[in-house]
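This report concerns only the one structure given below.
The values are calculated or read from the model by the stated rules, or taken from the named source; none is laboratory data. Model, not experiment: these values are computed from the prediction. Cβ placement follows ideal geometry from the backbone for every residue including glycine, while neighbour counts extend to all protein chains displayed. Surface accessibility is based on the protein's heavy atoms, side chains included, excluding ligands, DNA and RNA. Shrake-Rupley method; radii C 1.70, N 1.55, O 1.52, S 1.80 Å.
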Amino acid sequence: MTSMKALLGTATLALMATGAAAETSACLITKTDTNPFFVKMKEGAEAKAAELGVTLKSYAGKVDGDHESQVAAIEACVADGAKGILLTASDTKAIVDSVKAARDAGVLVIALDTPLDPIDAADATFATDNFKAGLLIGEWAKATMGDAAANAKIALLDLSIAQPSVDVLRDQGFLQGFGIDLADPNKWGDESDARIVGNEVTSGNEEGGLKAMEALLAKDPDINVVYTINEPSAAGAYEALKAAGKEQGVLIVSVDGGCPGVQDVKAGVIGATSQQYPLLMASLGIEAIAKFAADGTKPAPTEGKDFFDTGVALITDKPAAGIESIDSAKGLELCWG
């Protein structure tokens, strides 16, 4: 695993002089301001903006899925004369018209973490390879179960009925990694594999994870694999399993790599999680806006991909043969939140 310092060094875009950026303004629009992932993203953006002399305004939805607040935030940023907008979209399809209006007004729009649908609706995307993040935990779960994977009973705890791209990519990556045939890879919930008990949405929080897990346990109390969109929902799922006396012998896998989630890996609550790097996404985004303000240059994607890949690492204390991973001790050195 590349160190965070090295990752920052290799990923850093060309910077502009602080003085030249003094009149540059930017906006950060996240899904919520409570999820630790977005809290860390905001910290990264604020620190880099202060370093480069960029004026930053931050906005967030009231809850994950609050599309209307994000539309209003984009309109406010354009009206304020922002040079660039960093956006984690709650509804990756519905937001496209608002993003187009901002770009038509000369604003650089960069998607963070969650690609828009289509991805080229934004000028650039700085994100985890979310499909790979799902793939890693799917491969790990399959390898860990061994022959028993053929008779697994799988609960899928997704994000929202709007199925934003990050939701679809992680879910479909997990299923492919586990060896389940995808129907339409652009959406979840249409697979026909009998091992899937069902899909429930969580809003990406602990309460949602608990309720989703309860609903799926009511369908099949013998669930033994639980995929979760993120670690707060994983924590909720575990509480539901524990309340039902089912926490033993169930593999829970997730995505995020926040410090509470990595602690849950260490404690054995989560079997494996894929760690992503929100501070890096945000700091690179501010650098890109500063560069754009200086000379009109737009950021380029990672070679061979349609987005700038900010990295992902599988964290588990029970490594599986042939699947690269780091342990929870290393994960805690790199975690956030």
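Label-to-label distance for Ala143 and Ala244 is 2.9 nm, based on points extended 7 Å past Cα in the beta-carbon direction. A cysteine counts as unpartnered when no other cysteine's C-beta lies under 4.7 Å of its own; in the chain this applies to none of them. Considering all different alpha carbon pairs of the range 17-127, the Kirkwood hydrodynamic radius works out to 13.7 Å. Axis of helix 206-219 versus longest Cα principal axis of the chain: the two differ by about 30°, to the nearest ten degrees.
Shown is the FRET efficiency for Glu333 and Lys305, computed with R0 = 22 Å from the Cβ-Cβ distance and rounded to the nearest 0.05: 0.25. If R0 is 51 Å, the Cβ-Cβ spacing of Ala294 and Asp184 corresponds to a FRET efficiency of close to 0.75.
For a paramagnetic label modelled on Lys100 (point 7 Å from Cα along Cα→Cβ), amide N atoms under 20 Å away belong, within the range 113-155, to 115-125. For the residues Arg170, Arg195, a 1.4 Å probe over the protein chains yields an accessible-area ranking, largest first, of Arg195, Arg170. Accessible area of Ser192 (1.4 Å probe, protein heavy atoms only, ligands and nucleic acids ignored): about 110 Å². Annotation: extensible slack from Ala194 through Ala150 equals 14.8 nm (criterion: 0.36 nm per residue apart, minus Cα-Cα distance). Let me know the shape class of the range 294-333, please: from the alpha-carbon gyration tensor, a ≥ b ≥ c as square roots of the eigenvalues, rounded when a/c is under 1.5, otherwise prolate if a/b is greater than b/c, or oblate. Oblate, since a/c reaches 1.5 and b/c is not below a/b.
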